[in-house]
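The values are calculated or read from the model by the stated rules, or taken from the named source; none is laboratory data. Everything quoted here is computed from the prediction, not taken from an experiment. Note that we place each Cβ from the backbone using ideal geometry, even for glycine, and neighbour counts take in every protein chain shown.
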Amino acid sequence: MSGGSGGGGGPSLMDSLFQRTLDDLIKGIRIHVPGAAQSTFISKSLDEIRREIKSTDLQTKSTALQKLTYLHSLHGIDMSWAAFHAVELTSSPSFIHKKTGYLAASLSFRPSTDVLLLLTNQLRKDLSSTNQHEVSLALECLSVICTPDFARDLTPDIFTLLASSKNFIRKKSIACLLMVFSQYPDAVRVCFKRLVENLEGTDNAQTLAATVGVFCELASKEPRSYLPLAPEFYRILVDSRNNWVLIKVLKIFAKLAKLEPRLAKKVVEPICDHMKRSEAKSLVFECVRTIVSSFYEYEFAVKLAVAKIREFLLDSDLNLKYLGLQGLLLVAPNHSWAVLENKEVVIKSLSDVDRNIKLEALRLVMSMVSDDNVVEICRVLIGYALKSDPEFCNEILRSMLLTCSRNVYEIIIDFDWYASLLGEMARIPHCQNGEEIEYQLIDIGMRVKDVRPELVRVGRDLLIDPALLGNPFIHRILSAAAWVSGEYVWFSRNPFEIMEALLQPRTNLLPPSIRAVYIHSAFKVLSFCLHSFLLPNKTANSLSKFADMEPDFIYSESEGEFPETSGLRPHQEFNPRDLSEKNADNATISSSSLKNDTFTRESVVNMLTLILTSLSPLAGSHDVEIEERVRNLFGLAQLAQEEICCHDDRKEMMVDRDDLKTSIIIRLINDALSEDFGPVSLSAQERVPVPDGLVLEENLSKLDIICADVQLPKSKSFSLVRPSLLQMDGDFVSSRQNEEESETSAAESTSLLSEHRKRHGLFYLPSDNNQNASTGFQPANDPNQKDNDVEDLVKLTEESLVLKRKSNLARPRPVVVKLDEGGRLPITVKKTQSTDDLISGAVRDVLLGNEASSQSNQSGKPSSRRRGKALSKVDQGSESNNNMENFEIGNSSKRRSKHRIHGKDKKHPSPGNDVEGRDENGEVNKQKSGSRHGRHKARQRADGGINVVVQKPVIPDFLL
Amino acid sequence: MGIRFVLMVNKQGQTRLAQYYEYLTLEERRALEGEIVRKCLARNEQQCSFVEHRTYKIVYRRYASLFFLVGVDNEEVSRAHTFTIMCPNELAILEFIHLLVETMDRHFGNVCELDIMFHLEKAHFMLEEMVMNGCIVETSKANILAPIQLMDKAS
């Protein structure tokens, strides 16, 4: 066993004689405990392997590679360095060595392996070997490591094998095709015909399974091209008794039926027969799945399927139950009765032991939610959430939040209820959805004016509960509650209570950022209270001003409530604090009385004292955010305290209060604070088109790396935008409505530029323009703008809300925007798409030729006779019709060229499938001419090779 | 069928066989295996055999001390009204696992973890006969075992 440890360089005889076998290695690994001991052993073995693998003795080399493969596969050891040795072994005359080599290759090679090309010759040799097992080895390896190069070079060999007399070989070469096609779409032109022949040959179950498998995969990507083969699939569906094959055929039909409705009529019957007859659950389930997703118009079939689903649901086998729920989820969109019929099972499944089953049930329940039942369902779900384990509880809450907020709270009618539901969720002990709840609390506050009083109530309940402060998961929610209470404080019944809650000692448990929100909210509350106390008459006025500027803002969904809202909107004599008073006259009366009750001098002084005492320890806080806000609040409170205490003798004289310095400041502050926030579309900024001449990134693209960490943080919940942006938005919308053309003006270009300048100011030469730039575009989320821009906010909210509402009503995706189309599509997507399209394009080409040749070659066969007949009655609306145009042209080359153009036109609508533009490898960048040339060549070769006589394309009527 | 990988893992979470039908780097494999094993091994007998993980759906079954895990495409991830139904048939995958175990059982005779450990190549060989490109191509035990028996005879 110690043979490996001696000697330095090359392999010695000793190494070969005393080489550890794979068994020795495995035993060794088993002896050593996992951890350090084992990894030492493994690295020692690796050293040995490195030496042994260089041996000239193939047996030694093979064993070394075996061991290495084992370590690679199960212990994650890198073996890319041994790639060459694997290639070497594949050329060994011994089958066992060859096998080891190929296994190592298929397990470890990657497209970038450098010795990959060395394998080409060996693969070709083995593919044409007379030993079918060698051929099989090569095919299996190729099916795993195939690259475009391999596929291109070896397509002719595989083509030969497709006609092999040995089923064993034919089966494997068929299965290998899938990989070859995806790497080298032009192979389709060569091999597709033989693939289809294998579909037609009923004699062999082995090859049929492989063939159907290939078609199933191909059709899943682009089914349309395979419509002409429907008769073959239909025959298999009716005749085959192999469940594996049937399942795949069903999958193919599920795809095809969506494209050709008349196909459905034909296949529904046989599918139902299978469903009734079959003992195999897998087949039954596949039938069910096919019916409910693709044939849902056929009532009798769906009834049968739902009956089967019910059997599954009631089965004791959990797997069937799970799949039953999944099946139900597929039925739900079209046949909600099916879900209702099984309601008890679904609800019961919510408390299943298996989390996956619970999840499926939850999805199902959520799929049933509508505006009539959302209240009831949420009540039930909250009950379940309280009973469930933390993980599932949060899953429930998450899906509730998601469902309710979908499409801007589409299904919510009663927002008061929803606000209190959010509050209730916050109090569920395991709740970890703080972030989402925080977002929604603020979001509905901004979007739905009616809900604000209720929100403030919910917020208050959360704030005054000191116990909640101890739970870090709901800090975020508390932050929203504090913000809501500050922002909409005039809806509060008792601002003093809120102030106490905001300043309670336990707030020191909060993280600094949230504490800053608390203090800022306290500032708003204070200024509101001082305002009400010092300037009781002005309060109503300022609020009415606020109301005038605000448009009738309410979500379209809740338009039914509009008449009611008039009472809510503060009119001239609106009582700011008591919203329950809907009657404006009553409000005036109670307003004066209440105000005198609430905002007494004493209570205000108490509040000031409270602020000063509880905040003084914070004045020296190390967190700048906190410190700054504390100082703001402090300053105001001190000023107010001085003046109010000094002037106590004049406390009844309201007139004088107007002249106090505090009053002036308060008036200003209140003016600033009384403006309303509104939601701003996240894409607002993107909708600004880039002016023609402006190149934003050319010279600065390299700076992105540097700027990455300096970028401004994006605010999530709301953002403040300057009017300029707004204006542009407005312009933009109107122009879109007019002609859907995006106009670019000089103003916009300067504004974009200035925005850029602002962001990347570092890289601009200093200039005076920087100051002037404020007239232009500003970053939407610049936090510094917050307080300066209040004037414009009102307009902004108006506009953006109008915008929102419009888009909400019509729901069109904003058409617009060069920006969007520009750089969005990820290249990878494009690429895969193109490969698929290349394949399907080739398939279409070949199918035409193929049908023709099969017509001429096997005219005796019934299937082709059917096709012949079909010639006369080709119908419209399907693939076949499109190809009609080609019929008249007798000359094959002419036909081909026409067809190509035709195909090009046809593909035009879908994006990114510029078939002609791709070269053989599916690469995007090659020149068109080159790729065409390549294609011609391939086709010529194909034609020459197979002798496909393309004369008269025949279009099958696949409806028989 | 869209099989993406086949794993055999013992009760302790050690991988005993790993076959991938798409290229993943060693790190990705290790991470994936770790996550899946943690997820599946934590489940008990009263739970169903399907686990969703990332873009995969894992269909697994336990035989004695060994877990057989098969990862398949999970296109249902996008559960809107426009779902695709090309995700493989879960029950068929379970049957496939059973077939694989039966096949190994027939070859090794009462197959156990050690058989697979010490005959990893053979196990791969069987798997290669059954699955190519993630598609199940052979479901007859006799056909699957024929080449291996031939090989055993020759050596």
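Structure summary
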read-out: Residues of the stretch B:134-147 satisfying the condition of being out of contact with any strand residue (DSSP E or B) (no Cβ under 9 Å at 6 or more places or on another chain) and facing chain A (nearest Cβ under 10 Å); value: B:Thr139, B:Ser140, B:Asn143, B:Ala146, B:Pro147
read-out: Only one of A:Ser336, A:Ser293, A:Ser349 that is touching a residue at least 24 places away in the same chain (Cβ under 8 Å), hydroxyl-bearing (Ser, Thr, Tyr) and under 19 Å from B:Asn89 (Cβ atoms); value: A:Ser293
read-out: Boolean, A:Ser80 is crowded, with 23+ Cβ neighbours inside 10 Å, of a type in the set (Gly, Ala, Ser) and within 11 Å of chain B (Cβ to nearest Cβ); value: no
read-out: Residue, modelled with the highest pLDDT, within the stretch B:63-103, restricted to residues that are within 13 Å of chain A (Cβ to nearest Cβ) and assigned to a strand (DSSP E or B); value: B:Val72
read-out: Whichever residue in the stretch A:615-648 is of a type in the set (Gly, Ala, Ser), buried (at least 17 other Cβ atoms within 10 Å of the Cβ) and more than 47 Å from the chain's Cα centre (by Cα) and, among such residues, is nearest to A:Lys661 (Cα to Cα); value: A:Ala640
read-out: Breaking point among (1) within 11 Å of chain B (Cβ to nearest Cβ); (2) surrounded by 20 or more Cβ atoms within 10 Å (Cβ to Cβ), for A:Ala280; value: (2)
read-out: Output for the stretch B:1-25, where each listed residue is more than 9 Å from chain A (Cβ to nearest Cβ), among the basic types (Lys, Arg) and not in a loop (DSSP other than H, G, I, E, B); value: B:Arg4
read-out: Breaking point among (1) over 40 Å from the mean Cα position of the chain (by Cα); (2) surrounded by 16 or more Cβ atoms within 10 Å (Cβ to Cβ); (3) assigned to a helix (DSSP H, G or I); (4) away from every other protein chain (no Cβ under 11 Å), for A:Lys44; value: (2)
read-out: Residues (at the interface with chain A (Cβ under 9 Å from one of its Cβ atoms) and either modelled with pLDDT under 85 or within 24 Å of A:Leu250 (Cβ to Cβ) (or both)) located in the stretch B:46-58; value: B:Gln46, B:Cys48, B:Ser49, B:Phe50, B:Glu52
read-out: Selected residue (criterion: farthest from the other protein chains (Cβ to nearest Cβ)) from residues of the stretch B:106-120 that are among the charged types (D, E, K, R) and more than 15 Å from the chain's Cα centre (by Cα); value: B:Arg106
read-out: Helices (runs of 4 or more DSSP H) (entirely within the stretch A:327-413) containing at least 2 residues that are under 22 Å from the mean Cα position of the chain (by Cα); value: A:355-368, A:390-409
read-out: Checking B:Met126 against (1) more than 10 Å from chain A (Cβ to nearest Cβ); (2) closer than 28 Å to B:Asp73 by Cβ; (3) surrounded by fewer than 18 Cβ atoms within 10 Å (Cβ to Cβ), the condition it does not meet; value: (3)
read-out: Of all residues in the stretch A:666-693 being farther than 18 Å from A:Tyr488 by Cβ, more than 27 Å from the chain's Cα centre (by Cα) and surrounded by fewer than 17 Cβ atoms within 10 Å (Cβ to Cβ), the one that is modelled with the highest pLDDT; value: A:Leu668
read-out: Of all residues making up the stretch A:299-327, the number that are more than 16 Å from B:Cys48 (Cα to Cα) and more than 14 Å from every other protein chain (Cβ to nearest Cβ); value: 9
read-out: Tally of residues being under 24 Å from A:Asn204 (Cα atoms) and acidic (Asp, Glu) across the stretch A:149-190; value: 1
read-out: Positions within the stretch A:258-273 being within 14 Å of chain B (Cβ to nearest Cβ) and buried (at least 23 other Cβ atoms within 10 Å of the Cβ), in sequence order; value: A:Ile271
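Quick grid of which residues meet (1) over 27 Å from B:Gln47 (Cβ atoms); (2) surrounded by 23 or more Cβ atoms within 10 Å (Cβ to Cβ):
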{"residue": "A:Cys287", "(1), (2)": "no, yes"}
{"residue": "A:Ile291", "(1), (2)": "yes, yes"}
{"residue": "A:Glu297", "(1), (2)": "yes, no"}
{"residue": "A:Leu329", "(1), (2)": "no, no"}
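Table: residues versus (1) under 17 Å from B:Val131 (Cα atoms); (2) surrounded by fewer than 20 Cβ atoms within 10 Å (Cβ to Cβ); (3) under 36 Å from the mean Cα position of the chain (by Cα).
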residue	(1), (2), (3)
A:Asp153	no, yes, no
A:Lys166	no, yes, no
A:Ser182	no, no, yes
A:Ala205	yes, yes, no
